[in-house]
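**Student:** Below is a structure I'd like to ask you about.
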Amino acid sequence: MRGMLAVASRELVERRNAFVAAAVAAVLPLLAPILSGTHGGNATELRAVAALTVAVALAAALAMAYGAATISGELEERRLGFFFARPLSGLAIWGGKFLAGVVMVWVAPAIVLLPTWLASPSSEQWNSIGDAWLLLVIAPAAVFLLALAQAAGVAIRARSPWLVVDVVMLVVVTLLVRSMALRLLDEGATEAWTWTLAGLVIAVPLAVIVAGAVQVVQGRTDLYRGHRVLSLTLWSSLLAVSLVGQSFSWWVVHPTIADLRGVESVHPAPQGSWFALAGPARGRGGYVPGFLLDVDHGRSVKLQGSFRWELPVTFSADGRHAAWLVRSEARGSGVRFDLMTIDLRDERPRPRSTLIGFTASIRTLTLSPDGRRLAAVENGTLSVSDAYSGDLLAAVRLPADRVSTNRMWFAGDGTLRFPQFEPSAADRKVGAVVITEFDVASGRLRDTGRIAPAGEYEALFLRLDPRSNRILRRVQRPREGGPTLHDATTGALLADLVAPEEGWRGFPAFLADGGIAVAETREGRARLRVFTSEGAPLWSIDLGAGYRAFPAGERAPGRLLVVVRESEDQLTSGSRSVLVDLDTRNVEPLPSRLIPAGWMPLAHWWWDGEAAPGSVATRTFITADRGLVALDPVTGASRVVVAGGPPAQE
Amino acid sequence: MSGTTIPAKVERLEVRYGGMRAVADVSFEVRPGAVHALLGRNGAGKSSLIRCLLGQRRPDGGRALLFGEDAWTSRTRLMQRVGVVPEEPDAPPESTVSRLVSFCARLYRSWDGPGVEERLRRFAVPREVPFGRLSKGQKGQVMLALALGHRPELLVLDDPTLGLDVVARKVLYEELVGELADRGTTVFLTTHDLAGIEGIADRVAIVRDGELVLDEELEALKGRFRRLRFAAREQEPRLDALGAVAVSRSGWGVDAVVSRWDDGAAGRWCQGGGAVAEPVVEAMSLEEIFTAMVGGETGGAQ
């Protein structure tokens, strides 16, 4: 240490002119307002900005000049031997010179800033950018620049073939870093990228500094050999860092189902055993990977992207095809989505990219029952495409004054039917539901009916039964009417399912036999009412205490799952599920607060149709800790599909 | 001085630059108190050898030892016992002599401040002039003063007289002789100034193309080398028994340098049938021996 300090103090004494230059430069910011004729607060600001600019420029210039001249210049002029002929270790020689450089690039800018700061220490300019910015960015950056200049000086002055290695490795490492960045950013693993970037910001300067030290310690007075040592140390360490980064980024974006710590979004197919789900994975920060999972057979397909707030997957009605959007931002102008499709009947299903792309304005996405056609609403335009070739089959502009309801279904391959909300002229919050039909072959759009008044758009809830061509409408507020049954073509009211007593709020659902169930709550009590397919009331049964109740699909025909929320707080931990036998009217509680995965508040982005009895939506359940378990409908045995994680914020 | 420890020693030393061997399988040692001169033409490998010995370059083969320790791994500690005068004065040019002295004084456990001051005064070197502005001779004198400042046990000089005028060379040799007389410091040096070194060197080693071709006491060396001149005859006299190093012929006769001359040499020559009438036998200077060894067509120490 004594030797290092001796070298450092010698360097500083010999380069004291740098501090004299800094003292002279410190006057410039004070003169700036005078020279530009600026007064008052603006003059203070001008002085601060000028001082910072001069300080930064001086720090950069000193770092580059001193870094490039010291050591490499001494080696080229064969003057470093003077130090190596003394009882000084290589580390002391390098450390002393580097320490002197660090002092210079820190103290000289401080000298520049000092008079201006003394002139106006309370300036907001200092508070906003001065302190933190100067210390946290400029100071380490100047040290890095110093080390970089030293390394570059050696590489350039040595004129050895290792310069070719330097250039090649620079390209290789840059490409490796770029590929890890793209891998993480394309997957939306921004937090992991931030960690990686932070690691690189620390590792790269550290590698350059260490390589500079090793060059002096091992290369000693031999510039050529020093360059070789420098290159080997620098590039091997950077290559190691890059490969660690590569491995880390690969590990981040290749989680398995077993890595998940609970699920954030689930989307079961309306039929079959496939499931789309997304959840945080161990050690991956904010990255939320998504999967398609065959719950019965354990097959899974990783979806590209991070799905923290959305799971843009849609299944065909038979559950044998799926399509989803992959976010591809930062590749040009704004956020883009590329459409991927998959045929889940394959032994080993593989995602296929299509030529179909969307903007962030996409509202609705629906696959035809056979999975070959895809309908989408984007920017007020309805388009139908071949899901595999990407060919556009038809497109039409939708009426501008209507709002998509996120419900759309293929009524046969050639016809699309969908309800849209049409705000009233007087109050745009309320309005009517217009039922529209689109003929793909002719490209013609035709309104077939309307439900009016439909109530408030924000509170509107529609359930569809394409088989029987009926719509269940529900609005949240009792004064707007209870659940109603409508014809899905004309919108004609078929039945009013509102409770005869005041104050009940209900959520309706179609049953497998065509009947209708309405789960209702009032004043902390829940009940279930059952209707015929025409909407005639049959019976009702008490479900105990409840804040809200929701039908959640039939586990088997005639065995309806109902979710009862006990409070407004937690969706899962504050809820319980019961199984109602519609024949015996027996109510059986499900164990340990399991919530059916097909329950709408959990499973959404797009509506694929009502879950068929016995489908995966009615056999898999969310646990209180956001895990996912499958319950055998016959034996009742549970199997963990996704392990739970820490309590989620809902 | 540490007893019988050999101050400097190289064992099968090898130095390569890319595919070129600068030093090849060189072994010798510098004995305590000796003045050991390493001679060789430019590019013979002397500086590479010195740099290995000073721990400034890792040998590609073999070992370089100072006081029995590996020069590469123990350089920092060993430099407390070694003074170095490089081929080119390499002190920082912006530093004044005063600052160089005070810098060096901080680095050594024992620093002979008055001695350094006395030497610089004797050399009449200006103290407050930057080193880079000194004359070549003054730079060499400063380097010598700094090298002797910590009373080294071993002084290594890499061609210290290069570029010096006669007066500067004389001053340097006087200083060396004085140091030797006062303290018995071991000296290992390379030089092209063979005449200058002849008076103070005890032992001489010669390298040629990276290989050690000779390492011997100077007196013994000079004792066995002779120049022979004799008239030409029809039958060439045989010089093999005398270890001919260089033989040249001209109109008047033969000029030969032999390396195995001793008191009985003339007799052996006669018995071998090679004797000629009245050969002229001359003793040789170190410079002449060196020239015959590395400059002639016939090579190799005999």
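**Student:** In Å, what is the Rg of the alpha-carbon atoms in the stretch A:367-414, and how long is Dmax?
**Tutor:** 11.0, 32
**Student:** Mind giving me the FRET efficiency for residue B:20 and residue B:240? R0 is 25 Å, r the Cβ-Cβ distance, nearest 0.05 is fine.
**Tutor:** Details: r = 34 Å, r/R0 = 1.36.
Using R0 = 25 Å, I get an efficiency of 0.15.
**Student:** Same structure, new question: Output the pairs from B:9/B:139; B:9/B:222; B:46/B:136 with a Cα-Cα distance over 26 Å in this structure; if there are none, say none. Please report the intermediate quantities before stating the final value.
**Tutor:** Values: B:9/B:139 29 Å; B:9/B:222 24 Å; B:46/B:136 22 Å.
Too far apart for the 26 Å limit: B:9/B:139.
**Student:** Here is a further query. Mind giving me the nanometre distance, one decimal, between the label points for residue B:106 and residue A:492, set 7 Å out from Cα along Cα→Cβ?
**Tutor:** Between residue B:106 and residue A:492, the label points sit 10.3 nm apart.
**Student:** With all protein chains present, how much of the accessible area of the stretch A:1-156 (probe radius 1.4 Å) comes from carbon and sulfur, to the nearest whole percent? Intermediate results must be reported in sequence, preceding the final value.
**Tutor:** Details: 4950 of 6760 Å².
Here carbon and sulfur together make up 73 percent of the probe-accessible area.
**Student:** A drop of at least 40 square angstrom in accessible area, chain alone versus all protein chains together, probe 1.4 Å. Which residues of the stretch A:79-103 meet that?
**Tutor:** Residues passing the criterion (a loss of at least 40 Å², heavy atoms only) are A:79, A:82, A:84, A:85, A:86, A:87.
**Student:** Using Cα-Cα distances under 8 Å and only pairs 6 or more residues apart, what relative contact order does chain B have, in percent?
**Tutor:** Values: 586 pairs, mean separation 57.6, N = 302.
That works out to 19 percent.
**Student:** In addition: Roughly how big is chain B's charge dipole about its Cα centre, with Cβ charges of +1 (Lys, Arg) and -1 (Asp, Glu), in debye to the nearest 20? Please report the intermediate quantities before stating the final value.
**Tutor:** Details: 40 positive and 43 negative charges, 162 e Å.
Magnitude of the dipole: close to 780 debye.
**Student:** Given the whole protein assembly as supplied and a 1.4 Å probe, what does the accessible area of residue A:638 come to in Å², nearest 10?
**Tutor:** 80
**Student:** I would also like to ask the following. At 7 Å along the Cα-to-beta-carbon direction for both residue A:114 and residue A:24, put a label point, then send me their distance in nm to one decimal.
**Tutor:** 1.8
**Student:** Same structure again: Label-point separation (nm) for residue B:80 and residue A:17, each offset 7 Å from Cα along Cα-to-Cβ?
**Tutor:** 3.8
**Student:** Ok, one more. Counting heavy atoms of the protein chains only and a 1.4 Å probe, report the per residue accessible area for chain B as a whole number of Å².
**Tutor:** Details: 12920 Å² over 302 residues.
Each residue of chain B exposes 43 Å² on average to a 1.4 Å probe.
**Student:** Something else now. Inside 10 Å of the C-beta atoms of B:105-115, what's the mean count of C-beta atoms belonging to other chains? Show your work: numbers first, answer last.
**Tutor:** Numbers: counts 1, 8, 9, 2, 1, 0, 0, 0, 0, 0, 0.
Other-chain Cβ atoms within 10 Å of each residue's Cβ, averaged: 2.
**Student:** Using the Cα gyration tensor of the stretch A:159-253, with a ≥ b ≥ c the square roots of its eigenvalues, what is the shape: rounded (a/c below 1.5), prolate (a/b larger than b/c) or oblate (neither)?
**Tutor:** The shape class here is prolate.
**Student:** Using DSSP H assignments, which helices in chain A have an axial alpha-carbon span of 30 Å or above and a mean Kyte-Doolittle hydropathy of 0.5 or higher? Please list the in-between numbers first.
**Tutor:** Values: long enough: A:40-69 (43 Å, 1.26); A:90-119 (44 Å, 1.69); A:162-186 (35 Å, 1.90); A:190-219 (41 Å, 1.45); A:223-253 (44 Å, 0.85).
What comes out of the filter, once short or polar helices are dropped, is A:40-69, A:90-119, A:162-186, A:190-219, A:223-253.
**Student:** Which FRET efficiency value, to the nearest 0.05, do you get for residue A:634 and residue A:415 by plugging their Cβ-Cβ distance into 1/(1 + (r/R0)^6) with R0 = 35 Å? Please report the intermediate quantities before stating the final value.
**Tutor:** Details: r = 39 Å, r/R0 = 1.12.
It comes to 0.35.
**Student:** Hull surface divided by four, with the convex hull built on the Cα atoms of chain B: how many nm²?
**Tutor:** Orientation-averaged projected area of the Cα hull: 18.2 nm².
**Student:** A further question on this structure: Please give the length that would be gained between residue A:393 and residue A:91 if that part of the chain were fully extended, namely 0.36 nm times their separation in residues minus their C-alpha to C-alpha distance (nm, one decimal).
**Tutor:** Working: separation 302, 0.36 × 302 = 108.72 nm, distance 7.21 nm.
Result for the pair: 101.5 nm of gain on full extension.
**Student:** Same structure, new question: Which shape class applies to the stretch A:1-156: rounded if a/c is under 1.5, otherwise prolate when a/b exceeds b/c and oblate if not, where a ≥ b ≥ c are the square roots of the Cα gyration tensor eigenvalues?
**Tutor:** Numbers: a/c = 2.64, a/b = 2.59, b/c = 1.02.
Prolate shape, in that a/c is at least 1.5 and a/b is the bigger ratio.
**Student:** Another question, if that's okay. Taking each residue of A:9-16 in turn, how many C-beta atoms of other protein chains fall within 10 Å of its C-beta, and what is the average? Numbers along the way, then the final one.
**Tutor:** Working: counts 2, 7, 1, 0, 5, 8, 1, 0.
Other-chain Cβ atoms within 10 Å of each residue's Cβ, averaged: 3.
**Student:** To continue, here is another question. Mind grabbing the interface size between B and A? I mean buried accessible area, both sides, 1.4 Å probe, in Å² to the nearest hundred. Could the numbers behind the result be given before it?
**Tutor:** Details: alone 14240 and 29080 Å², together 40610 Å².
What B and A bury together is about 2700 Å².
**Student:** Can I ask one more? For chain A, what does -39500 (n - 2.57) per DSSP helix run (n ≥ 4), summed and divided by total residues, give at 222 nm, in deg cm²/dmol to the nearest 500? It would help to have the intermediate numbers written out before the result.
**Tutor:** Values: 12 runs with 211 residues, N = 650.
Rounded to the nearest 500, the figure is -11000 deg cm²/dmol.
**Student:** For residue A:302, which aspartates and glutamates qualify as cross-link partners when the Cα separation must be under 16 Å and same-chain residues fewer than eight apart are set aside?
**Tutor:** Filter leaves A:186, A:187, A:259, A:264, A:294, A:310, A:338, A:343, A:346, A:347.
**Student:** Stretch residue A:502-residue A:159 to full length: gain in nm at 0.36 nm per residue minus the Cα-Cα span?
**Tutor:** 114.3 nm
**Student:** Would you please give the FRET efficiency between residue A:346 and residue A:139, computed as 1/(1 + (r/R0)^6) with r the Cβ-Cβ distance and R0 = 60 Å, to the nearest 0.05? Write out the running numbers ahead of the final one.
**Tutor:** Values: r = 57 Å, r/R0 = 0.96.
Efficiency, from the Cβ-Cβ distance: 0.55.
**Student:** Indicate the gyration tensor shape class of the stretch A:499-615 (rounded, prolate or oblate), computed on the Cα atoms with a ≥ b ≥ c the square roots of the eigenvalues: a/c under 1.5 is rounded; otherwise a/b larger than b/c is prolate and the rest oblate. Walk me through the numbers before you get to the answer.
**Tutor:** Numbers: a/c = 1.39, a/b = 1.06, b/c = 1.31.
In terms of gyration-tensor shape, rounded.
**Student:** Based on Cβ point charges of +1 for Lys and Arg and -1 for Asp and Glu, what charge dipole magnitude is obtained for chain A about its Cα centre, in debye rounded to the nearest 20? The partial results should precede the final answer.
**Tutor:** Values: 64 positive and 60 negative charges, 412 e Å.
Once rounded to the nearest 20, the dipole reads 1980 debye.
**Student:** Computed over the Cα atoms of chain A, what is the convex hull's projected area averaged over all directions, in nm²? Could the numbers behind the result be given before it?
**Tutor:** Numbers: hull surface 158.0 nm².
Across all orientations, chain A yields a mean hull projection of 39.5 nm².
**Student:** For residue A:513, what accessible area in Å² do you get when you roll a 1.4 Å probe over the heavy atoms of the protein chains, rounding to the nearest 10?
**Tutor:** Roughly 130 Å² of residue A:513 is accessible to a 1.4 Å probe.
The values are calculated or read from the model by the stated rules, or taken from the named source; none is laboratory data. All values derive from a computational prediction rather than experimental measurement. Note: ideal-geometry Cβ built from the backbone for every residue, glycine included; neighbour counts use all protein chains shown. Only protein heavy atoms, including side chains, enter the accessible area calculation; ligands, DNA and RNA are left aside. Shrake-Rupley method; radii C 1.70, N 1.55, O 1.52, S 1.80 Å.
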